[in-house]
1. Looking at 142, 152 in this structure, which one is free of Cβ contacts under 8 Å to residues at least 12 places away in the same chain, outside the structural domain of residue 34 (by TED's automatic domain parsing) and assigned to a helix (DSSP H, G or I)?
2. In the stretch 14-35, is there at least one residue being in contact (Cβ under 8 Å) with a residue 40 or more places away in the chain, more than 15 Å from the chain's Cα centre (by Cα) and within 30 Å of residue 194 (Cα to Cα)?
3. Confirm whether residue 61 is free of Cβ contacts under 8 Å to residues at least 40 places away in the same chain and farther than 30 Å from residue 99 by Cα.
4. Is at least one residue of the stretch 125-139 assigned by TED's automatic domain parsing to the domain that holds residue 81, over 27 Å from residue 26 (Cα atoms) and either over 18 Å from the mean Cα position of the chain (by Cα) or in a helix (DSSP H, G or I) (or both)?
5. Being in the same structural domain as residue 161 (by TED's automatic domain parsing), over 29 Å from residue 200 (Cα atoms) and buried (at least 20 other Cβ atoms within 10 Å of the Cβ) narrows it down to one residue among 45, 95, 115; which is it?
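The values are calculated or read from the model by the stated rules, or taken from the named source; none is laboratory data. Source: prediction; values computed, not measured. Positions of Cβ are backbone-derived with ideal geometry, glycine not excepted, and every protein chain shown enters the neighbour counts.
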């Protein structure tokens with residue numbers, strides 16, 4: 001880990017509210033392209049158009065910057081999932097909203113997703129302290145909540161809400177893997193909807 005640098009004479013950081021976000025975007029792009037271990041602080045700050053003290057002001061170190069990318073992604077995912085699940089509609093529609101929200105966020109933030117994926121499989125000594133499984137728990141937790149409502153209301157047939165949530169999570173994990181691997185055949189929204197329709201046709205309660 002690079003040592004934390006502070007410069008009491010550097011006053012640029014607090015007066016540039018966009019600097020933090022620019023650093024996150026620049027780091028995600030460079031970590032994605034070169035790998036975290038190979039990327040340098042100099043490259044990140046030059047790409048973001050700031051100085052090294054600004055990076056150290058906001059993140060403390062290169063590893064602190066990586067941790068911020070992971071934490072920001074987890075926070076934004078949780079917000080997107082909660083907002084989508086709270087929208088009005090049938091349970092089928094609300095579960096679809098959650099899945100589409102995750103899919104949209106993954107595609108919009110593909111660099112961050114690939115950085116997170118690569119970090120998960122990096123040597124342990126380079127990893128920041130971060131609970132990678134919170135992402136799965138966030139999605140599964142919201143899906144289970146909605147599916148239980150659908151089962152209780154009679155919209156869905158009585159099955160294990162956990163099993164059903166895991167089946168839907170499997171579809172979403174496929175879209176994540178496709179994005180991480182930049183596959184040419186990765187699912188678009190219409191493709192994701194077709195697969196979700198197959199899952200829900202199996203869950204739908206029939207007379």
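1. Result: 152 is the single residue among 142, 152 that is free of Cβ contacts under 8 Å to residues at least 12 places away in the same chain, outside the structural domain of residue 34 (by TED's automatic domain parsing) and assigned to a helix (DSSP H, G or I).
2. no
3. no
4. Taking the stretch 125-139 first, the residues assigned by TED's automatic domain parsing to the domain that holds residue 81 are 125-139.
So of that shortlist, the ones also over 27 Å from residue 26 (Cα atoms) come out as 137, 139.
Of the ones still in play, those that are also either over 18 Å from the mean Cα position of the chain (by Cα) or in a helix (DSSP H, G or I) (or both) are 137, 139.
Within the stretch 125-139 (the criterion being assigned by TED's automatic domain parsing to the domain that holds residue 81, over 27 Å from residue 26 (Cα atoms) and either over 18 Å from the mean Cα position of the chain (by Cα) or in a helix (DSSP H, G or I) (or both)), the answer is yes, since at least one residue qualifies.
5. Matching residue, one of 45, 95, 115: 115.
Here is a yes/no grid of residues against (1) in contact with a helix residue (DSSP H, G or I) (Cβ under 6 Å, 6 or more places away or on another chain); (2) free of Cβ contacts under 8 Å to residues at least 60 places away in the same chain:
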residue: 157; (1), (2): no, yes
residue: 160; (1), (2): no, yes
residue: 166; (1), (2): no, yes
residue: 169; (1), (2): yes, yes
residue: 174; (1), (2): no, yes
residue: 180; (1), (2): yes, no
residue: 185; (1), (2): no, yes
residue: 188; (1), (2): no, yes
